[in-house]
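Participant: First the structure, then my questions, so here it is.
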Amino acid sequence: MIKDNLSQILKELPSDVNLVAVSKFHPVEAIVEAFEAGQRIFAESRPQEFEKKVKWLQENAPEILRDAEFQFIGHLQTNKLKMVLPYVSLVQSIDSMHLLDAVDKWGKDNGKMIDVLLEMHLGAEDTKQGFHEEEILDMLFSREFRNIRIRGLMGMATNTDDEQTIDADFSRIDTFMAYCKDLFPEMEAFDQLSIGMSDDWRIAIKHGATMVRIGTAIFGARNY
Ligand SMILES: *Cc1c(COP(=O)(O)O)cnc(C)c1O
């Protein structure tokens with residue numbers, strides 16, 4: 001039961017950590033069910049799927065679009081921005097300079113300020129997307145964006161059962177986040193650390209997570 005899963009997690013989650021319900025690959029009815037149980041923050045990872053769900057909600061449950069917020073956590077191609085950006089409060093998965101520039105331009109053209117997180121490369125896997133520390137520092141030093149607000153960092157730990165490895169990954173991003181805050185005190189909105197998923201969110205909250213992104217533990221296994 002989605003409702004029971006949510007309340008189980010919320011019982012343990014510190015009240016200052018936001019629960020982001022990852023509804024990707026689940027039917028829109030799962031969003032409705034979670035909304036009715038009180039959940040207000042959702043995240044999707046595929047533009048087409050997200051767009052379909054938005055259309056359905058516009059027609060069938062506009063109160064959910066009005067009262068809940070949606071975030072984007074997947075790989076975003078610059079030719080798909082218009083499917084995503086009008087409907088989200090946060091893009092967590094900025095993984096290239098090119099994308100950042102395109103989002104800034106889209107914001108300018110559409111008169112919207114867009115909150116984003118920079119995705120930091122954390123895990124051992126080569127395939128994981130994201131910036132390395134030097135790239136993030138470079139960007140924060142050298143760039144100014146008019147229609148983007150960089151709200152913080154997002155990271156995914158190595159996909160492993162080994163808690164020490166996960167702990168080390170989260171420790172690294174937590175430490176780097178603190179370093180950036182010290183270095184750029186004028187970036188007052190830079191205060192969000194998005195780490196932790198179904199299997200490792202308890203470790204993430206020990207490392208300063210301000211939001212956890214949980215799919216499976218709320219909605220069950222995904223049908224790919
Ligand atoms: C799918 C996904 C999640 C949720 O993963 P679960 O293990 O199902 O909780 C979190 N973050 C990102 C970036 C994802 O793509």
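The values are calculated or read from the model by the stated rules, or taken from the named source; none is laboratory data. These numbers come from a predicted model, not from an experiment. When we count neighbours, we look across all protein chains shown, and the Cβ atoms used for this are built from the backbone with ideal geometry, even at glycine. What goes into the accessible areas is simple: the full protein's heavy atoms, side chains included, and nothing from ligands, DNA or RNA. Shrake-Rupley method; radii C 1.70, N 1.55, O 1.52, S 1.80 Å.
Participant: Normalised by the residues of the stretch 1-122, what does the relative contact order come to in percent, with Cα pairs under 8 Å and at least six apart?
Facilitator: On the way: 147 pairs, mean separation 23.3, N = 122.
Value for the stretch 1-122: 19 percent.
Participant: Computed over the Cα atoms of the stretch 81-191, what is the convex hull's projected area averaged over all directions, in nm²?
Facilitator: On the way: hull surface 29.6 nm².
The orientation-averaged projected area of the Cα hull of the stretch 81-191 comes to 7.4 nm².
Participant: What are the extents of the Cα atoms of the chain along their three principal axes, in Å, largest first?
Facilitator: 45, 45, 31
Participant: Order these peptides, 20-31, 71-82, by their mean beta-carbon neighbour count within 10 angstrom, highest first.
Facilitator: 20-31, 71-82
Participant: Using the alpha-carbon centroid of each, what span in Å lies between the stretch 191-220 and the stretch 136-157?
Facilitator: The stretch 191-220 and the stretch 136-157 have Cα centres separated by 21 Å.
Participant: Hey, another quick one. Looking at the chain as a GNM with Cα springs under 10 Å, which of Gly152, Gly123, Gly111 has the largest mean-square fluctuation?
Facilitator: Looking only at Gly152, Gly123, Gly111, the largest GNM fluctuation is found for Gly111.
Participant: Just want to confirm a number: the relative contact order over the stretch 75-171, from Cα pairs under 8 angstrom separated by 6+ residues, in percent.
Facilitator: 28 percent
Participant: Now for a different question. Compare the peptides 57-63, 83-89 by average per-residue count of other Cβ atoms within 10 angstrom and give them in order, highest first.
Facilitator: Highest mean packing first, the order is 83-89, 57-63.
Participant: Once amide H atoms are placed 1.01 Å from N in the peptide plane, what residues at a sequence separation of 5 or more from Ser93, or on another chain, have their amide H within under 5 Å of its amide H?
Facilitator: For Ser93, whose amide H was placed from the backbone, the distant partners under 5 Å are Leu117.
Participant: Give the lysines reachable from Lys206 as a straight Cα distance under 19 Å; neighbours fewer than 8 places away on the same chain don't count.
Facilitator: List returned: Lys11, Lys181.
Participant: Got a number for the accessible area of Leu6? Probe 1.4 Å, square angstrom, nearest 10.
Facilitator: For Leu6, solvent-accessible area is about 10 Å².
Participant: Given a 1.4 Å probe and every protein chain left where it sits, what share in percent of the accessible area of the stretch 34-119 is carbon and sulfur? Write out the running numbers ahead of the final one.
Facilitator: Working: 1870 of 3910 Å².
Here it works out to 48 percent.
Participant: Another one. Under a cut-off of 20 Å between alpha-carbon atoms, report the lysines in cross-link reach of Lys55, not counting same-chain residues fewer than 8 places apart.
Facilitator: List returned: Lys24, Lys80, Lys82.
Participant: Still on this structure, I have one more. Under the definition of Cα pairs under 8 Å and six or more residues apart, what whole-number percent is the relative contact order of the chain?
Facilitator: Normalised by residue count, the contact order of the chain is 21 percent.
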